[in-house]
Amino acid sequence: MNTKTLERLYNNPHEKNIDGNFQFILFGGTGDLAHNKIMPAFYNLVEKDILPQHFTLLATGRRYSSKKEYLDAIYDSLNSKKKEVDNRVWQVLSDNIEYFELNFKDDNDFMKLKKYFADQSKNNKIYNRIFYMATAPEFFGEIAEKLKKFDLLNVGFEDNDSKLVIEKPFGHDLKSAEKLNNTLTNIFQEKNIYRIDHYLGKEMIQNIMVIRLSNPIFRSLWNTGEIDNIQIYINESEGVKDRGKYYDDAGVIKDMFQNHMLQILSLITMEEPDDLSSKSISTRKVEVLKELSKIDIESIDEHIVRGQYIFNKYGDDEIKAYQDEKNIPDDSETATFIALKLFLDNERWNDVPIYLKSGKRLKKKEAGIAVEFNHDFHNSYSENSEVQSNLLKIMIQPDEGVSLRFNTRKPGSNNKIVPVEMEFCHSAHQLFNSPENYEGLIHDMIEGDKTLFTSWEEVYYSWKFIDKFQTKCNNEDLKLYKYPALSKGPEAADELLKNDDRIWWD
Ligand code: BG6
């Protein structure tokens, strides 16, 4: 890729600009997500001229009593994130923002919202209405039901084509996810429900399929005969911050594995889709997740390492133990770290161990995928201990890129072999759970492209596996290793690979 192409991609990743007006209704418009992700993402989309001149971003909430107050608050939070808010961009964005004071417990407010929609559609034909749930998850179903009850979905439309966007978590186990899904699908058509997993908005996650499938050297080797093992890791250095209440129930299993980790796993291991439509890709991901949901958990319990961080001193800083964090019971047994090994029982992958690891309060925040190729087959160099395996690394963050290790002859040496690494890498264009992850997702939900969203079937089979896994982990026989905050996690996670003569590649 030449520099010009790269520049264009990063400055304007969506070649297609959005035509036509749309109405984007944000429930939870005054909350953290709106301030930290959604509004900054809209700001960037306006800056890149992706959005039409006129659209409506209707933020609903209770905290502010006027549009001016709301805009001031949004301006302040944008200002605290950007070096400088560009007045031209702000002018366009703020002209398109509306604030609607709404208490979603109050039926009257929904009636007023209906009138607002009716008035708006008299003046302007609305082609595209998107309801975005950025509230606490326990309200998703309730708000959707009110939209139906007060008949807000059809105002200004000939038929109900409104879209619904749902943040994670989608339920807290299979049963609650099914209940929520039944509620939502009674109200919205599945084709209009967008379930967010912000990892799918990350540049290198979107790159997985391109790397795998557009390069014959990888495509032809992507199977059990050629690959020795696969590793996926998302290490975080932050603790649970002020989300203790949510996190102590979720733990790392529901917080990271049910969604981000399993999504990456399915993209890496799925069969090649028939085409690049969201439906075909999802069908392939579901096959993997279904496979996973059939795994006999008893067969992997010796390959699960659970951990929880404890107090540590880092320079002058004292890092609290998990059990001392806000809203965490001091005898909590919740895992903040999990490493595990599993196998997929299918033709492509049987015998290839897949190692997964994620945890909070680890030494360094980084995420990536390592695919290590076989090198123990017979060839003229088999006896040479300097020969190393080919290693493909897909770096997700903080660096984004790809590296490939291969063997070469050391120049001028007497046939000495050295491994070299070819690397395409740069600092992450998208910093962690950043507005940029949301830019692409917002663009795609407006445009009706569901490729970067998870289907109900994906969610269903992910929960099926995670429920079993969680039950197993709750079993007291499964040891909870304590690891010092900001360390590399429990030693047992290294042992897991050492026992197989392997090491982690993070
Ligand atoms: C969220 C989890 O889904 O992902 C958080 O709820 C986690 O606990 C975050 O910190 C990680 O995202 P990122 O983009 O910062 O790696």
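Points to keep in mind about this one:
- Applying both filters, DSSP loop and at most 13 other Cβ atoms within 10 Å, to the trypsin sites (Lys or Arg not before Pro) of region 91-162 gives Lys105, Lys125.
- With both labels modelled 7 Å from their Cα along Cα-to-Cβ, the Glu272 to Glu190 distance reads 2.7 nm.
- A helix-only calculation puts the chain at -10500 deg cm²/dmol for mean residue ellipticity at 222 nm, using -39500 (n - 2.57) for each DSSP H run of at least four residues, averaged over all residues.
- Peptides 267-279, 192-204 ranked from most to least packed by the mean count of surrounding Cβ atoms within 10 Å: 192-204, 267-279.
- Asp316/Ser80 FRET efficiency (R0 30 Å; Cβ-Cβ; nearest 0.05): 0.70
- Gain on full extension, evaluated as 0.36 nm per residue between Glu421 and Asp399 minus their Cα-Cα distance, stands at 6.4 nm.
- Distance cut-off 35 Å, percentage of C-alpha pairs in the chain lying past it: 39 percent
- When each of Lys149/Lys468; Lys105/Lys125; Lys202/Lys468; Lys146/Lys365; Lys114/Lys464 is checked by Cα-Cα distance, pairs over 32 Å: Lys149/Lys468; Lys146/Lys365; Lys114/Lys464
- Summing +1 for each Lys or Arg and -1 for each Asp or Glu among the other residues whose beta-carbon sits under 12 angstrom from that of Phe377 gives -3.
- Convex hull volume of the C-alpha atoms in region 67-129, normalised per residue: 125 Å³.
- Ranked Met445, Met422, Met256, criterion: other C-beta atoms within 10 Å, fewest first: Met422, Met256, Met445
- Taking all Cα-Cα distances within region 17-119, those exceeding 17 Å account for 51%.
- Between helix 174-187 and the chain there is an angle of about 40 degrees, using the helix long axis and the longest principal axis of the Cα atoms.
- In plain terms, the residue of Thr408, Thr60, Thr185, Thr135 with the fewest other Cβ atoms within 10 Å comes first and the most crowded comes last, giving Thr408, Thr185, Thr135, Thr60.
- Comparing Leu213, Ser293, Phe373 along the charge dipole axis of the chain, the residue lying farthest to the positive side is Leu213, per the Cβ-charge model.
- The ranking of Tyr70, Tyr132 from fewest to most other beta carbons within 10 Å of each one's beta carbon is Tyr70, Tyr132.
- Against the chain, whose longest principal axis is taken from its Cα atoms, helix 107-123 shows a tilt of about 80°.
Throughout, read-outs are computed from the coordinates displayed, never taken from laboratory work. Everything quoted here is computed from the prediction, not taken from an experiment. Ideal geometry is used to build each Cβ from the backbone, glycine not excepted, and the neighbour counts take in all protein chains shown.
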